Amino acid sequence: MLIKDLAAQCAADVQGGGAEREVTSAADIMSAQAHQATVLSDAKYKKYLLETQAAACFISDKLLSETAPPPDLALLVCADPEMAFLQAVKLLHPEPDYPRSISPHAALEADVQLGEDVHIGPFASIGAGSRIGDGVTIDAGARIGRGVVIGKHSRIYANAVIYDACVLGNEVLIHAGAVIGADGFGYKFRDNQHVKVPHVGHVEIADRVEIGANTCIDRGALGATRIGAGSKIDNLVQLGHNNVVGRNVIICGQSGISGSCNIGDGAILAGSSGLADHVNIGARATVMARSGISADVPAGAQVFGSPAKDRKIAWRELAALAKLPDLLQRFKELENRLRRLEGE
């Protein structure tokens with residue numbers, strides 16, 4: 001695309017030279033080359049603007065006033081450079097336009113309802129009574145169970161599994177290898193053996209939710225495990241039975257959430273965080289990486305550690321712990337001096 005055309009489609013104004021030049025792809029500001037567009041959205045990367053080889057750079061008025069960019073760099077000035085750049089990435093790197101069809105190698109059981117413009121890849125299978133909305137894509141090898149509902153323009157990537165009776169909203173993304181609706185991990189110990197608790201509930205996933213690769217979301221024991229609209233769950237996450245996840249929640253990779261937890265709207269669970277069962281995470285709270293949660297977290301709080309506590313307290317304790325070897329040495333010296341004084 002010509003730089004001026006890219007700017008027009010991303011709500012940016014071109015300043016500097018080169019508006020008639022072509023850009024063919026996007027790159028970060030540290031590695032961008034000629035014929036690439038980049039972005040400067042954080043002041044700590046200003047030094048790279050002076051050396052960039054990029055043809056064009058998305059930038060805000062504020063950052064532009066703080067820098068002296070190369071004279072031949074086209075500056076795409078806009079209110080929100082990050083979002084404008086994301087739009088540019090979509091324009092410069094469009095998704096491949098694969099032909100849409102229902103593969104003759106796909107297996108559809110009785111009473112499956114298909115909307116318009118549905119794509120089903122080879123060796124995918126759909127159970128009886130499932131309803132697939134308009135524009136849905138089901139990639140090769142995916143398994144959709146019986147009585148499943150999938151909303152419009154959702155995508156189920158290769159080898160993902162949706163168990164019976166699960167309900168997915170519109171524009172849901174389920175990445176490869178994810179398993180939605182497997183039994184929860186529930187047992188009762190009787191007569192010296194573990195007796196399995198039946199799980200007869202299901203999973204409900206609202207609109208615009210994204211589930212990462214190889215993530216597992218268990219069905220409810222009796223009711224539903226629910227994921228609220230706009231929430232994003234990373235790869236390799238375990239979400240236990242009967243959890244209720246609010247709207248626009250972020251759960252990062254390798255996190256594990258036990259059963260019957262409530263996670264409020266806008267909360268963030270950073271990587272490898274772990275929640276005990278029946279824990280409540282308040283709205284907009286942040287659980288920092290590798291934290292262990294065994295008690296409720298208030299709305300808006302930031303917690304860290306295992307067991308987790310207020311972020312500032314946890315960091316002060318870690319700072320004090322780092323001083324412990326020196327303090328022990330000083331204590332030993334004082335103890336030796338005291339013995340000598342007592343001997344005298």
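The values are calculated or read from the model by the stated rules, or taken from the named source; none is laboratory data. What you see is a predicted model; the values in this text were computed from it and never measured. So basically every Cβ, Gly included, is an ideal-geometry build from the backbone, and we count neighbours across all protein chains shown.
His105 passes every criterion in (1) within 30 Å of the chain's Cα centre (by Cα); (2) part of a loop (DSSP other than H, G, I, E, B); (3) under 30 Å from Ile120 (Cα atoms) apart from (1).
Take the conditions within 21 Å of Gly228 (Cα to Cα), at pLDDT 95 or above and either in a helix (DSSP H, G or I) or not hydrophobic (A, V, I, L, M, F, W, C) (or both) and apply them to Arg284. Does it pass? Let's see the steps before the verdict.
On the way: within 21 Å of Gly228 (Cα to Cα): yes; at pLDDT 95 or above: yes; either in a helix (DSSP H, G or I) or not hydrophobic (A, V, I, L, M, F, W, C) (or both): yes.
When the stated conditions are applied, Arg284 passes them.
Here are Arg219, Arg155: which of them is crowded, with 18+ Cβ neighbours inside 10 Å and within 17 Å of His241 (Cα to Cα)? If you could, list the steps in order and put the result at the bottom.
Numbers: Arg155 fails: within 17 Å of His241 (Cα to Cα).
Just one listed residue meets the conditions, Arg219.
Can you name the residue in the stretch 84-143 that is acidic (Asp, Glu) and closer than 30 Å to Leu6 by Cβ and is also surrounded by the most Cβ atoms within 10 Å (Cβ to Cβ) among such residues?
From the stretch 84-143, those acidic (Asp, Glu) are 95, 97, 109, 111, 116-117, 134, 139; that's our starting set.
From what is left, the residues that are closer than 30 Å to Leu6 by Cβ are 95, 97, 117.
On the way: Glu95: 6, Asp97: 6, Asp117: 12.
Among them, the one singled out is Asp117.
Just one of the numbered conditions (1) under 30 Å from Gly133 (Cβ atoms); (2) in contact with a helix residue (DSSP H, G or I) (Cβ under 7 Å, 6 or more places away or on another chain); (3) among the β-branched types (Val, Ile, Thr) is not true of Val23: (1).
Do we find a residue being over 22 Å from Gly240 (Cβ atoms) and under 20 Å from the mean Cα position of the chain (by Cα) anywhere in the stretch 275-297?
If we filter the stretch 275-297 for residues that are over 22 Å from Gly240 (Cβ atoms), which is where we start, we get 284.
Add one more test, that the residue is under 20 Å from the mean Cα position of the chain (by Cα), and what stays is 284.
Checking the stretch 275-297: at least one residue is over 22 Å from Gly240 (Cβ atoms) and under 20 Å from the mean Cα position of the chain (by Cα).
Per the conditions (1) touching a His at 6+ places or on another chain (Cβ under 8 Å); (2) within 29 Å of Ala182 (Cβ to Cβ), the sole criterion not satisfied by Gly145 is (1). Can you spot a residue in the stretch 237-252 that is among the small types (Gly, Ala, Ser) and in the same structural domain as Thr215 (by TED's automatic domain parsing)? Yes.
Taking every residue in the stretch 180-196 that is basic (Lys, Arg) and pairing it with any residue that is at pLDDT 95 or above and not in a loop (DSSP other than H, G, I, E, B), at least 6 positions away or on another chain, the pairs with Cβ-Cβ distances below 8 Å are Lys188/His194; Lys188/Val195; Lys196/Tyr187.
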